[in-house]
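J.: Here it is: the structure, laid out below.
The values are calculated or read from the model by the stated rules, or taken from the named source; none is laboratory data. For clarity, every value in this text was computed on a predicted model and none was experimentally measured. Cβ atoms come from the backbone with ideal geometry, glycine included; neighbour counts cover every protein chain shown. SASA here: full protein model, heavy atoms, side chains in, ligands and nucleic acids out. Shrake-Rupley method; radii C 1.70, N 1.55, O 1.52, S 1.80 Å.
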Amino acid sequence: MKTIDKRLLRMIGDTKSQFAAVSVILAVGLAFYMSMGLAALNLRQGMERYYDEYRFADLSCQAGGVSLRQVRALEELPGVAEAEGRFTRTVPLLTEDADGRGRAEIVTVPAGNGGINRLLLEEGSLLQAGSRDVLVIRQLAAARDIRPGDRIRMQINGQAMEFPVAGIVSSPEFIYLADPDQGIMPDNKNYGVIYMEENFGRQLLGAQGGYNDIQILEENGLSGTERDDLAKTIEERLEDYGGQGAVQRAEQFSNVMISDEIGQLETMAAALPVLFLLIAALILVMMLGRMVKRDRQSIGILKGLGYSSAQVVSHYVKYSLLAGLAGGVAGAAAGMGLAGALTTYYMEFFFLPDLNRITDYQYIPQAILLSCLFCAAAGLLGTRGVFAVSPSESMKTESPGTGRRILLERARFLWRRLSFSQKLATKNVFRNKKRALFIFTGIMVTYGMMVFVLTMPAMLSDMMGKGLEEFQPMDYNVSFKAPLSEKALVDIRRIVGDVTELEGKVEYPFRLESGPRDIALTVIGVERGTAFYRFRGQDGRAYEVPEDGILLSGYAAKKLRAGVGDLVLLHAYLPGAEDVWAEVTGVIYQAMGVNAYMDKAAMARAYLTPGAVTGFYMNSGDPDA
């Protein structure tokens, strides 16, 4: 071993605490890089494999009633590989305990598990032709401890019915499952999906008139434009049958949730490690800069013995490279272990089937190389002072720096008020700008992270408070299966009894267009001067529902690029409904959800019959409501 390399080992031994600290910071950053990167890769490839093997639909469309012949006609469209109809309905789940009741979406499936959106059998058996058993989605089964052979009770067409459970299944359509009427958070105990054999389900639910849910697989190789054109064509084909807009796979709720989470994981895998690597690099720059000043005489001796400046610099750069190598190896080892645990966590949260875990060993050299590159750059930056050291000058004591006034000294009225120790500390800050900046940055980042973590619950609480207590201060939001006369609200008030406020509503999905931009959302018709909404703009200005116009939520207005005074075209997903223009009379703040609001009576006249409602809002005197 060369003498200069022995000196390197002694340097590491003399600064082992600092060396270990830098290595640990590097290891933590690279562990994040490895674990998040591998977990994201596992999830994305597992999700795509699950979609392909179980034939997840590329396009879906809700409709009023589509016959089998009309479904077959869709298969003749260019770009459609397969079309399939099914019937869905949301019904109450019944238990002996009233507090344990919930809702279930019944979905009819062909016997034998063929077709689109195939089911993954977890336990039990699948449904055969003529079977009167049901299959329960894994989320609901796990939350309610349901097993094959158990019986599940539902209320269908006003009657309580009980069905044997044939099996527990998972579906690529419901990797992330949430009640669409209750928000985006899962409530697996109170909402789930139950599958029935197609012929039995349609007969039981009274769906002999046709399908209300169309699932489509596209041909391979379609471009994004071709997919958009196909979606519009299907919307037009199903418009006369109550079609409510075609939803592409990229916009499907479950897929959006898991894809966004994977995207965030990939972003964090790329960004978070860089923060740790930069911190480690800054520490190395400061450490090596101080080493060079401290070893000024030793550097001069080395140069006098014939070592060039480049060789001396490489001697110090080796120190930073060894720190990078140690941190890289430790971080890679820890990251490989954490990747498995992180993948398992996401699989359980999203109810993905067991994946064939990927051990991508390319991440190991990538992590080590990334660590060494940052450390090498830090080594070169921290040792640039070596070039200024000459053998002859290094034997002399380094002359002290030239003293000069700092900027604060010119403010005499303030400088005179500082004590001697305060003046000394202030001068040290200004005369060691790099060290002061590094300490300031570290404190800022630390406190910033602490404030973020501590204030996040309050921010979420504030957002929920604005969304529920201020914007929608109602106790109950009830929707009917079909529109009823507003006179039915009188009976509801009498049946419920303890009602303080009750108002009808009209609620339907629409597609709003403004020039080339459009957005699909639910338009809600409420009474003018309603007690159940408090419409305010971002500036706090109060709005009322207009008699003829429309109020847009902030996101909808941004998506349409529409403001007050602009006209938007309303296309209703109702058979025979005509498109109408409406003037935007206000843009309101809505913390959660994307909606538009109109006058209830005007909506009923335009799309139903005068005096019709699709549901109601209610406040009661019950203190627990």
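J.: Taking the range 476-513 as the search range and keeping residues that are free of Cβ contacts under 8 Å to residues at least 24 places away in the same chain and not in a strand (DSSP E or B), which one is most open to solvent (accessible area, probe 1.4 Å)?
T.: Result: Arg494.
J.: Does Leu369 meet the test of being modelled with pLDDT of 85 or more, exposed (fewer than 15 other Cβ atoms within 10 Å of the Cβ) and more than 30 Å from Ile137 (Cβ to Cβ)?
T.: yes
J.: Look through the range 207-240, keep the residues that are assigned to a helix (DSSP H, G or I) and in contact with a Gly (Cβ under 7 Å, 6 or more places away or on another chain), and return whichever of them is farthest from Asn157 (Cα to Cα). Steps first, answer last, please.
T.: Narrowing the range 207-240 to residues assigned to a helix (DSSP H, G or I): 224-240.
Then drop every residue that is not in contact with a Gly (Cβ under 7 Å, 6 or more places away or on another chain), which leaves 226, 230, 235.
Values: Glu226: 41, Leu230: 36, Glu235: 30 Å.
Ranking the qualifying residues of the range 207-240, first place goes to Glu226.
J.: Another question, if that's okay. Considering only the range 294-312, state which residues are open to solvent by less than 10 Å² (accessible area, probe 1.4 Å) and either in contact with a Lys or Arg (Cβ under 8 Å, 6 or more places away or on another chain) or small (Gly, Ala, Ser) (or both).
T.: Taking the range 294-312 first, the residues open to solvent by less than 10 Å² (accessible area, probe 1.4 Å) are 299-300, 312.
Within the range 294-312, Gly300, Val312 meet the criteria.
J.: While we're on this one: Take the conditions modelled with pLDDT under 90 and over 26 Å from the mean Cα position of the chain (by Cα) and apply them to Leu574. Does it pass? Steps first, please.
T.: Numbers: modelled with pLDDT under 90: yes; over 26 Å from the mean Cα position of the chain (by Cα): yes.
In short, yes.
J.: Can you tell which of Glu251, Glu239, Glu235 is of a type in the set (Asp, Glu) and without any contact (Cβ under 8 Å) to a residue 60 or more places away in the chain?
T.: Glu251
J.: If you don't mind, another one. How many residues are closer than 25 Å to Gly46 by Cβ and either assigned to a strand (DSSP E or B) or open to solvent by 10 Å² or more (accessible area, probe 1.4 Å) (or both) when one looks only at the range 126-141? Step through it out loud before you land on a result.
T.: Our first condition is that a residue be closer than 25 Å to Gly46 by Cβ; within the range 126-141, this holds for 126, 135-141.
If we keep only those that are either assigned to a strand (DSSP E or B) or open to solvent by 10 Å² or more (accessible area, probe 1.4 Å) (or both) as well, we get 126, 135-138.
Residues in the range 126-141 being closer than 25 Å to Gly46 by Cβ and either assigned to a strand (DSSP E or B) or open to solvent by 10 Å² or more (accessible area, probe 1.4 Å) (or both): 5 in total.
J.: Filter the range 156-169 for residues that are surrounded by 15 or more Cβ atoms within 10 Å (Cβ to Cβ) and more than 21 Å from Asn113 (Cβ to Cβ) and give the result.
T.: Ile156
J.: Here are some residues: Leu272, Leu282. Which one is closer than 30 Å to Ala250 by Cα and either in contact with a Lys or Arg (Cβ under 9 Å, 6 or more places away or on another chain) or aliphatic (A, V, I, L, M) (or both)?
T.: Working: Leu282 fails: closer than 30 Å to Ala250 by Cα.
That would be Leu272, the only listed residue that is closer than 30 Å to Ala250 by Cα and either in contact with a Lys or Arg (Cβ under 9 Å, 6 or more places away or on another chain) or aliphatic (A, V, I, L, M) (or both).
J.: Moving on. Can you tell me how many residues in the range 221-240 are open to solvent by 40 Å² or more (accessible area, probe 1.4 Å), among the β-branched types (Val, Ile, Thr) and within 26 Å of Ser67 (Cα to Cα)?
T.: Selection size over the range 221-240: 1.
J.: Which condition number does Val613 fail, the rest of (1) modelled with pLDDT of 90 or more; (2) among the hydrophobic types (A, V, I, L, M, F, W, C); (3) under 24 Å from Glu239 (Cβ atoms); (4) open to solvent by less than 20 Å² (accessible area, probe 1.4 Å) being met?
T.: (3)
J.: Leu278: in a helix (DSSP H, G or I), more than 21 Å from Arg55 (Cβ to Cβ), among the aliphatic types (A, V, I, L, M) and touching a Phe, Trp or Tyr at 6+ places or on another chain (Cβ under 9 Å), yes or no?
T.: yes
J.: Of the numbered conditions (1) at pLDDT 90 or above; (2) within 22 Å of Phe480 (Cα to Cα); (3) of a type outside the set (A, V, I, L, M, F, W, C), Gly102 fails exactly one; give the number of that condition.
T.: (1)
J.: Count, please, the residues in the range 313-335 that happen to be open to solvent by 50 Å² or more (accessible area, probe 1.4 Å) and within 29 Å of the chain's Cα centre (by Cα).
T.: Here the count works out to 1.
J.: Check the range 348-366 and report whether any residue there is modelled with pLDDT of 80 or more and hydroxyl-bearing (Ser, Thr, Tyr).
T.: No, because not a single residue in the range 348-366 is modelled with pLDDT of 80 or more and hydroxyl-bearing (Ser, Thr, Tyr).
J.: Could you please give the count of residues in the range 241-257 that are part of a loop (DSSP other than H, G, I, E, B) and of a type outside the set (S, T, N, Q)?
T.: Initial filter on the range 241-257 (part of a loop (DSSP other than H, G, I, E, B)): 242-245, 252.
Subset that is of a type outside the set (S, T, N, Q): 242-243, 245.
Residues that pass the stated criteria total 3.
J.: Here is a check on your reading of the model: is Gly206 in contact with a strand residue (DSSP E or B) (Cβ under 8 Å, 6 or more places away or on another chain) and modelled with pLDDT under 85?
T.: The answer is no for Gly206.
J.: For the range 308-327, give me each residue that is in contact with a helix residue (DSSP H, G or I) (Cβ under 8 Å, 6 or more places away or on another chain), among the hydroxyl-bearing types (Ser, Thr, Tyr) and closer than 15 Å to Leu8 by Cα.
T.: Answer for the range 308-327, where residues must be in contact with a helix residue (DSSP H, G or I) (Cβ under 8 Å, 6 or more places away or on another chain), among the hydroxyl-bearing types (Ser, Thr, Tyr) and closer than 15 Å to Leu8 by Cα: Tyr316, Tyr319, Ser320.
J.: Tell me, which residue of the range 178-199 that is modelled with pLDDT of 85 or more and surrounded by fewer than 19 Cβ atoms within 10 Å (Cβ to Cβ) is farthest from Ala591 (Cα to Cα)?
T.: Out of the qualifying residues, it is Asn199.
J.: Looking at Ala271 and the list (1) in a helix (DSSP H, G or I); (2) out of contact with any Pro (no Cβ under 9 Å at 6 or more places or on another chain); (3) in contact (Cβ under 8 Å) with a residue 24 or more places away in the chain, which single condition is not satisfied?
T.: Evaluating Ala271 over (1) in a helix (DSSP H, G or I); (2) out of contact with any Pro (no Cβ under 9 Å at 6 or more places or on another chain); (3) in contact (Cβ under 8 Å) with a residue 24 or more places away in the chain leaves (3) as the failure.
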